[in-house]
Every structure is written in C-alpha cells, then in structure tokens.
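Here, each number is a calculation from the coordinates, and none is a lab measurement. Since the model is a prediction, treat every value here as computed from it, not as a measurement. Cβ sites come from the backbone with ideal geometry, for glycine too, and all protein chains shown count toward neighbours.
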Amino acid sequence: MEIATFGAGCFWCTEAVFKELKGVESVVSGYSGGEIINPSYREVTTGRTGHAEVVEIEFDPATISFPELLEVFWASHDPTTLNQQGADIGTQYRSVIFYHNEKQKQLAETMKQQLNDEKIFNAPIVTEISPWQNFFKAEIDHQNYYQNHPIQGYCQFVIAPKLSKFRKTFQSKLK
C-alpha cells in the first residue's frame with residue numbers, strides 16, 4: 001500500500017470522489033501543510049494556520065497507480081484558481097499535492113508541465129507541489145461527509161454534480 005495526499009478545495013468533495021476508485025482502500029479527510037499541531041476545523045477555516053484541507057488516500061499501486069490518481073485529481077477540481085474552489089476561498093482551499101517521495105514529486109511535476117504545455121486548462125495550473133510534512137485527521141463529523149449527509153444543501157448543489165461528472169469521465173475506474 002502507498003499513500004497520496006491531495007488538497008483540491010473542500011475535503012468533503014475530494015473525499016467523495018476518491019472513495020469511489022478501485023484500488024483505493026481508504027480516504028481520510030484532514031489538514032496538512034501548516035504549523036499548528038492537531039488543528040481544529042474552526043482554526044483551519046480562518047486561513048491563518050497554513051494548513052490546507054486535504055485527503056490522505058491509502059491505495060494499492062497494483063490496482064491504481066499514482067499517475068492515475070493524479071489524473072483524477074487534476075480533473076476533479078480547477079487547478080488554475082489560486083486559493084479558491086468555487087465559493088470556498090482561502091489558502092486552506094488551495095490546490096496542492098503533498099508528495100511522499102521523490103517519485104511522486106517527479107510524476108506530479110511532469111504531469112503538471114504536460115497539462116500546461118498541452119493547454120488542457122484555460123489558464124496555467126497553480127497547484128502547489130510540496131513535500132509531505134504532516135497530516136492531522138479532521139474531526140469525525142467531517143469523515144464520510146457526503147455519504148452521511150447526502151441531502152444537505154452543499155452536498156446536493158456542489159458535491160453531487162461533481163460526482164456525476166467524475167463518474168461519467170472515470171467510469172472504468174469505479175469500484
């Protein structure tokens with residue numbers, strides 16, 4: 001098993017997407033990249049802790065590769081907006097890959113460059129690619145959020161459409 005850590009805006013959306021992939025054993029919502037030890041959701045949402053909302057993904061590389069996870073990562077959010085995904089604004093919602101080893105770093109940087117060279121997006125990708133330093137699991141009410149609150153407004157209007165698009169695009173990779 002290997003670990004990948006991605007921030008793509010609100011972790012509720014990111015978690016919902018990656019949980020559906022074959023080869024993904026677990027997805028945990030949390031915080032990475034900041035200086036405070038074990039921050040709370042309330043602290044992180046201020047944007048003053050330096051943390052990003054992320055998911056830590058445990059995956060089987062024999063079933064799904066890190067490049068395949070990157071492909072889903074790039075496609076499941078807008079990596080061209082700095083510190084913002086939709087209405088979620090602040091450094092805590094930044095697009096970020098926290099790499100766990102040099103191979104992940106190289107793969108992420110290479111794919112980012114290829115996407116920019118091919119002008120896949122209408123603007124340059126601003127995704128941060130940084131070494132993993134820490135991960136703090138979010139509070140229990142933030143785990144499996146979409147699964148536990150499917151009729152909540154944010155889930156209906158933000159996560160559900162994102163999941164629908166994802167499922168169409170990545171149908172062959174779904175559990």
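Details
- Residues in the range 14-38 that are touching a Gly at 6+ places or on another chain (Cβ under 9 Å) and not in a strand (DSSP E or B): 14, 33, 34, 35, 36.
- Elements of the type helices (runs of 4 or more DSSP H) sitting completely within the range 92-175 and holding at least 3 residues that are closer than 20 Å to residue 66 by Cβ and not aliphatic (A, V, I, L, M): these cover 102-117.
- Checking each residue in the range 52-71 for being among the aliphatic types (A, V, I, L, M), surrounded by fewer than 22 Cβ atoms within 10 Å (Cβ to Cβ) and within 24 Å of residue 136 (Cα to Cα) picks out only 70.
- Subset of the range 72-91 (residues that are outside any helix (DSSP H, G or I) and of a type in the set (S, T, N, Q)): 76, 80, 81, 83, 84, 85
- Residues of the range 1-21 that are in contact with a helix residue (DSSP H, G or I) (Cβ under 6 Å, 6 or more places away or on another chain) and more than 26 Å from residue 83 (Cβ to Cβ): 21 alone.
- Any hit, the range 100-108, residues being surrounded by 14 or more Cβ atoms within 10 Å (Cβ to Cβ), without any contact (Cβ under 8 Å) to a residue 40 or more places away in the chain, under 25 Å from residue 35 (Cα atoms) and not acidic (Asp, Glu): yes
- Subset tally (residues that are in contact (Cβ under 8 Å) with a residue 40 or more places away in the chain, surrounded by fewer than 16 Cβ atoms within 10 Å (Cβ to Cβ) and farther than 23 Å from residue 152 by Cβ) for the range 13-46: 3
- Pairing each residue of the range 125-136 that is under 14 Å from residue 50 (Cα atoms) with any residue that is buried (at least 17 other Cβ atoms within 10 Å of the Cβ) and among the aliphatic types (A, V, I, L, M), provided the two are 6+ apart or on different chains, yields C-beta distances under 6 Å for 128/96.
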